[in-house]
1. For residues that are aromatic (Phe, Trp, Tyr) and within 16 Å of Asp56 (Cα to Cα), scanning just the stretch 85-110, find the one that is surrounded by the fewest Cβ atoms within 10 Å (Cβ to Cβ).
2. Search the stretch 39-50 for residues that are under 14 Å from His114 (Cβ atoms) and pair each with any residue that is of a type in the set (Gly, Ala, Ser) when their beta-carbon atoms are under 9 Å apart and the residues are at least 6 apart or on different chains.
3. Kindly indicate whether any position in the stretch 53-75 is under 23 Å from Leu121 (Cα atoms), at pLDDT 90 or above, part of a helix (DSSP H, G or I) and among the hydroxyl-bearing types (Ser, Thr, Tyr).
Amino acid sequence: MQPCTTSINKYRKPFRLLFVIVLAGSMTACGFFRAPGKDKCDKLLSREVMTNILTDIYLLESYIREHQHLGRNIADSSDYYYYRLLKQYDVELSTFESALDCYLLDRQEMDAIHEEMLNRLSIKESELSIKRSGLEGEVPSVIPD
């Protein structure tokens, strides 16, 4: 005698479908798939501070990449550099990570931060270019004896 597996299997598929629909509905009702909103992210770190930190991280990464040919010391010290950078803004690593996660969920806020970062980096690049071009035309002020 065979067990009644056919009658049980007949109800399994609709039950699974119903379970998935209820699960998806409860997650969307709780805001699982929605961005947290500017106010929540702003409470962790303001957009201005987040932009400053991310710009400095970009510059730090460039510095490390440019100087890594000098030896392992700079790569080994990168954790210290990141620690000092966050300490400069009086921000804990956990707060920064939470704020970054929050901003990454809000595409418009992250786009605004990215746009401001590009503007600041462009200004810094222009300033450096002007400074370098001014130094090339100058005569050194040290006169040999």
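1. First pass over the stretch 85-110, keeping only residues aromatic (Phe, Trp, Tyr): 89, 96, 103.
Cutting the leftovers down to within 16 Å of Asp56 (Cα to Cα) gives us 89, 96.
Numbers: Tyr89: 14, Phe96: 21.
Among residues in the stretch 85-110 that are aromatic (Phe, Trp, Tyr) and within 16 Å of Asp56 (Cα to Cα), the one surrounded by the fewest Cβ atoms within 10 Å (Cβ to Cβ) is Tyr89.
2. Arg47/Ala112; Met50/Ala99
3. Yes, the conditions are met somewhere in the stretch 53-75.
The values are calculated or read from the model by the stated rules, or taken from the named source; none is laboratory data. Remember, it's a predicted structure, so these values are computed and weren't measured experimentally. FYI the Cβ positions are ideal-geometry reconstructions off the backbone, even for glycines, and counts take in every protein chain you see.
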